[in-house]
Amino acid sequence: MRCKLCGGLCYESLHRKMKIKINNNLYFNSEGPPLLIAEISANHCGSKKKFLQHILEAKKSGADLVKIQTYEVSDMTINNKFKIESGTWKGLNISSLYKKAQTPFEWHYDAFKLAKKNKICLFSTPFSLRALSFLKKFNPPIYKVASFEITDHNLITEIAKTNKPIIISTGLANIKEIKEAIKIIKKFHNKIILLHCISGYPTSEEDINLNQIKFLKKKLKYNFVGLSDHTKDIKAASLASLFKISAIEKHFIIKKSKKSPDNNFSITPKKFKLLKKNIINYYKIMGKDKLIRPKSEKSSHIFRRSIYSTKFIKKGDLFTKKNIGCYRPNLGISSSYFFKIINKKSPFNIKENTPIKKKIIRLLKI
């Protein structure tokens, strides 16, 4: 049965609660606070020891989830002679880049074992059907589709069949391509988190265009949207938390190293901790989309105006602008009743410069 709210095959309760469950402790919320994802990627620099250290340090630095990448050279290319002509990796042979950046399959066993032992929510991006088949052994709670694979409908279909939540980065993609990917997943479920992403490495602050988050929400009529940030700093990611998003993904590196292909757009533990702090604080500052009067205002009610007599008023005298006025502190009836009691007879004597008692509302039937 199709959902009345989204038109897809999903649970209507998902839309009512506006949450996507990852495990018993973690949920993606449609309007924040965003979960912070640490992307390890190639920052292990070919060292298994560093790879495992990154997973632990990312968690210690405030990551809600830690993401790795599952591929080996054969999963990425068969064109071993192709040279990259521009960008961060200009001049590198494509197969050499992937050989340098790959996370060997054999490392995954210790990675998921480490994550389980330390209660770290670890998941990955499979870059091929072979990688996906391998990842299934570890039963990750969620999968990621990278920007460059958003048009790989075969891979997306097989990932969707796992019925696990799917994060999709939208770098390079137009609206049609994003909709096509979503449509495929919705044949199986509706647990999708879209990440606004600029696939420029690193991304300039001029290109990040955070308003695209609002555009995606409005255009796709879908609220589970976040940010995959490739800028050098944390300003964009911090500001993105003001857009009531579901997730923020940032590349994480323990120590800056030119050996890592991702060094230029990765942040260290110090900045990662600050980003987590900003996310929490910004979310609190933004608050909710409704009128709420906090408890902290209660003591300030005394500074509102109430109606006072400015002259002695006898029982039966009319209230006029000459014998009443609105002043602080708020000890009588609200100043909003001013025009409601004008030209009404006073039901009792009132001394000069005295707040008009609240019982007058009942006596005058107003």
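The values are calculated or read from the model by the stated rules, or taken from the named source; none is laboratory data. Keep in mind it's a predicted model, so treat the numbers as computed, not measured. We place every Cβ from the backbone using ideal geometry, glycine too, and count neighbours over all the protein chains shown.
Of all the numbered requirements in (1) in a loop (DSSP other than H, G, I, E, B); (2) under 27 Å from the mean Cα position of the chain (by Cα); (3) under 22 Å from LEU65 (Cα atoms), ILE292 misses one, and that requirement is (3). Restricted to region 296-311, and to residues that are among the hydroxyl-bearing types (Ser, Thr, Tyr) and touching an Asp or Glu at 6+ places or on another chain (Cβ under 8 Å), which residue is farthest from ASN330 (Cα to Cα)? Only one residue tops the list, namely THR310. Would you confirm whether or not region 311-320 contains a residue that is modelled with pLDDT of 95 or more, outside any loop (DSSP other than H, G, I, E, B) and surrounded by fewer than 18 Cβ atoms within 10 Å (Cβ to Cβ)? Yes, that holds for at least one residue. Residues in region 186-227 that are more than 13 Å from the chain's Cα centre (by Cα), surrounded by fewer than 16 Cβ atoms within 10 Å (Cβ to Cβ) and of a type in the set (Lys, Arg): 4 in all. For region 1-56, residues that are modelled with pLDDT under 85 and either among the small types (Gly, Ala, Ser) or crowded, with 22+ Cβ neighbours inside 10 Å (or both) total 4. Tallying residues that are out of contact with any Gly (no Cβ under 6 Å at 6 or more places or on another chain) and surrounded by 12 or more Cβ atoms within 10 Å (Cβ to Cβ) within region 350-364 yields 9.
Every test in (1) crowded, with 16+ Cβ neighbours inside 10 Å; (2) assigned to a helix (DSSP H, G or I) is passed by LYS284 save one, and that test is (1).
If you go through region 209-254 and keep only what is of a type outside the set (A, V, I, L, M, F, W, C), farther than 19 Å from ILE178 by Cα and at pLDDT below 95, you end up with SER241, LYS244. So which residues in region 29-77 are part of a helix (DSSP H, G or I) and farther than 18 Å from TYR109 by Cα, if there are any at all? Selection gives GLU57, ALA58, LYS59, LYS60, VAL73, SER74, ASP75, MET76. One residue stands out among those in region 151-176 that are surrounded by 14 or more Cβ atoms within 10 Å (Cβ to Cβ) and farther than 16 Å from PHE127 by Cα: the one that is nearest to the chain's Cα centre (by Cα), which is PRO165. Applying the set (1) at pLDDT 95 or above; (2) closer than 26 Å to ILE84 by Cα; (3) of a type in the set (Ser, Thr, Tyr); (4) in contact with a strand residue (DSSP E or B) (Cβ under 8 Å, 6 or more places away or on another chain) to THR151 leaves exactly one unmet item: (4). Of a type outside the set (A, V, I, L, M, F, W, C), in the same structural domain as HIS189 (by TED's automatic domain parsing), part of a helix (DSSP H, G or I) and surrounded by 18 or more Cβ atoms within 10 Å (Cβ to Cβ) - does that describe any residue in region 89-96? So far as region 89-96 goes, no, none of its residues is of a type outside the set (A, V, I, L, M, F, W, C), in the same structural domain as HIS189 (by TED's automatic domain parsing), part of a helix (DSSP H, G or I) and surrounded by 18 or more Cβ atoms within 10 Å (Cβ to Cβ). Contact map, region 283-300: residues that are outside the structural domain of PRO34 (by TED's automatic domain parsing) and at pLDDT 90 or above paired with residues that are aliphatic (A, V, I, L, M) and surrounded by 10 or more Cβ atoms within 10 Å (Cβ to Cβ), Cβ distance under 6 Å, separation 6+ or inter-chain. No pairs are found. Got at least one residue in region 324-335 being part of a loop (DSSP other than H, G, I, E, B), touching a Cys at 6+ places or on another chain (Cβ under 7 Å) and modelled with pLDDT of 95 or more? No, that holds for no residue. Inside region 232-261, can you point out the residues that are in contact with a Cys (Cβ under 7 Å, 6 or more places away or on another chain) and either assigned to a strand (DSSP E or B) or buried (at least 19 other Cβ atoms within 10 Å of the Cβ) (or both)? Scanning region 232-261 gives a single hit, SER260. Do the conditions hold for ASN264, that is, is it on the phi < 0 side of the Ramachandran plot, assigned by TED's automatic domain parsing to the domain that holds ILE20, free of Cβ contacts under 8 Å to residues at least 24 places away in the same chain and surrounded by fewer than 20 Cβ atoms within 10 Å (Cβ to Cβ)? The answer is no for ASN264. The one condition from (1) buried (at least 20 other Cβ atoms within 10 Å of the Cβ); (2) at pLDDT below 95 that PRO140 does not meet is (2). Do you know which residues across region 108-131 are without any contact (Cβ under 8 Å) to a residue 60 or more places away in the chain and within 25 Å of PRO261 (Cα to Cα)? The answer is HIS108, TYR109, PHE112, PHE123, SER124, THR125, PRO126, PHE127, SER128, LEU129, ARG130.
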